[in-house]
Amino acid sequence: MLSPSDKALVPFVSVDNMMRLVHHVGLETMITRIADAIEADFLRWDAFDKTPRVASHSDVGVIELMPTSDGEMYGFKYVNGHPKNTAEGLQTVTAFGLLADVQSGYPVLLSEMTLLTALRTAAMSALAAKHLAPEGARTMAMIGNGAQSEFQCRAFKAICGVDTVRLYDIDPAATAKCARNLEGSGLTVVSCTSAQEATVGADIITTCTADKQYATILTDNMVGAGVHINAIGGDCPGKTELHKDILHRSDIFVEYPPQTRIEGEIQALADDHPVIELHDVFAGRVTGRTSDKQITLFDSVGFAIEDFSALRTVKTLIDGTAFYDDLDMLADPDDPRDLYGMLHRAK
């Protein structure tokens, strides 16, 4: 058996190694590092190829590819969203991703992204809120207590200074799970019996539900002046979480309008409804929060640059560690033109 050459090997971060890496770095530190990378990449927005993700929809879910490149590195993520999976003992969302060198086209990192997507989504939520939430915000309503919820809560604690979370889910077991997992996190956790109860006293409202349908998780009367809304559950055509009246009262901030208008809350509005791009806020070209009465809404759908940022963060963090395996992934014949010869010699 021929041993693979160094050129054939690609660093691979498995689920096990990703968990070990997160514990090694620290969960909140990991989220903060990813948020810093996202902000840095959004500040060089024009360097990136940008396209709405490529989606394949079915009656039960969606499978998507999310590609981008900054001209030096290329990255993509494969991700699915199947709300029915939970009832079958499966994850609603699974993902993996890859980084490659543009000059050679050779992959330089392959990684699980089921955990990493949760970390990235939380990092992006808290990063947006850092620029948009009311000053001194300390209480967040977390509506939807599934797989993303604990990551969101920890991210808002680490990046925005949130110290109290008010939890609600239509499934009380999900709320109990989230509350249990947040024990010892430094957060004060309040379990609520309705979405309206969860929003009482909240400076920030995060909605994160999985049903693939138009829904009204927040009604207009739940949202008072000065609140920041982090709407992360609506992320495909035909799926929203907010009553339309909330959108008309809010200043709406988005990642990439051509994608958000298809997938986000704003799919319920006219195509020319004004929105503000977050990269302009991060760069100081546009002011995010302008008054203590303003309602700000981050209409989050997730964008490929954020995954690129997360992958490059992982690539940096695994350097010199044991938190990856070398994967024999690339053919490396003695003569680049003699791939057949390489196959023949393996007999």
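Nothing in this text is a laboratory measurement; each read-out follows from the coordinates by a stated rule. None of the values given here were measured: they were computed from a predicted structure. Quick reminder, even Gly has a Cβ in these numbers, built from the backbone with ideal geometry, and neighbours come from all protein chains shown.
Judged by the gyration tensor of its Cα atoms, with axes a ≥ b ≥ c, region 32-189 is oblate; a/c meets the 1.5 cut and b/c is at least as large as a/b.
Taking a point 7 angstrom from the Cα of Lys130 along the C-beta vector, which residues in region 28-62 have backbone N less than 18 Å away? Answer for region 28-62: 28-45.
Most tightly packed first, judged by the mean number of other beta-carbon atoms within 10 Å of their residues, the peptides 21-34, 268-281 read 21-34, 268-281. Fully extending the segment from Lys347 to Val200 would add 45.9 nm, taking 0.36 nm per residue of separation and subtracting the current Cα-Cα distance. Where a Cα-Cα gap under 27 Å defines reach, which lysines qualify for Lys347, not counting those fewer than 8 residues away within the same chain? Those lysines meeting the cut-off are Lys7.
Relative contact order of region 100-184: 28 percent, from C-alpha pairs under 8 Å at least 6 residues apart in sequence. What is the distance in Å between the Cα centroid of region 93-113 and that of region 289-347? So the separation of the two Cα centres works out to 3 Å. Under 5 Å between amide hydrogens, built in the peptide plane, is the criterion, and for Leu109 it picks out Leu99 among residues at least 5 positions away or on other chains. Taking the helices alone, the chain has a mean residue ellipticity at 222 nm of -9500 deg cm²/dmol, built from -39,500 (n - 2.57) per DSSP H run of at least 4 residues and averaged over all its residues. Compared with the alpha-carbon gap, the fully stretched path from Arg180 to Asp328 is longer by 49.2 nm at 0.36 nm per residue. Normalised by the number of residues in the chain, the average gap of Cα pairs under 8 Å and 6 or more apart makes the relative contact order 21 percent. Taking a virtual spin label 7 Å from the Cα of Leu43 along the C-beta vector, which residues in region 285-316 bring their backbone nitrogen under 17 Å of it? Within reach of a label on Leu43, which here means backbone N under 17 Å from a point 7 Å along Cα→Cβ, region 285-316 contributes 285-288, 306, 309-310, 313. Phi angles across region 38-45 convert, under the Karplus curve 6.51 cos²θ - 1.76 cosθ + 1.60 with θ = phi - 60°, into 3J(HN,Hα) values of 4, 4, 4, 6, 5, 6, 10, 3 Hz, Gly and Pro given as x. Close amide H pairs (under 5 Å, H built 1.01 Å from N) link Lys77 with Met66, residues at least 5 positions away or on another chain.
Under 10 Å, Cα contacts only: if you run a Gaussian network model on the chain, which one of Leu218, Leu116, Leu330 comes out with the highest mean-square fluctuation? Checking each option, the largest mean-square fluctuation is seen for Leu330. Full extension of the segment from Thr29 to Thr321, taken as 0.36 nm per residue of separation minus the current Cα-Cα distance, would add 103.4 nm. Taking label positions 7 Å along the Cα-Cβ direction at both Val54 and Gln103, the computed distance is 2.7 nm, reported to one decimal. In order along region 109-122, phi translates into HN-Hα couplings of 7, 10, 9, 4, 9, 5, 5, 5, 5, 4, 5, 5, 4, 5 Hz, rounded to whole numbers, per the Karplus curve 6.51 cos²θ - 1.76 cosθ + 1.60 with θ = phi - 60° and x for Gly and Pro. The distance from the alpha carbon centre of region 174-250 to that of region 139-173 is 9 Å, rounded to a whole number. Once Rg and Dmax of the Cα atoms in Å is calculated for the structure shown, the corresponding label among (1) 22.4, 71; (2) 21.1, 73; (3) 21.1, 68 turns out to be (2).
Spin-label model, Lys84/Ser14: points 7 Å from Cα along the beta carbon direction are separated by 3.1 nm. Listed cross-link partners Lys50/Lys84; Lys77/Lys177; Lys77/Lys244; Lys84/Lys239; Lys50/Lys77 are compared with a 21 Å cut-off, the Cα-Cα value being larger for Lys50/Lys84; Lys77/Lys177; Lys77/Lys244.
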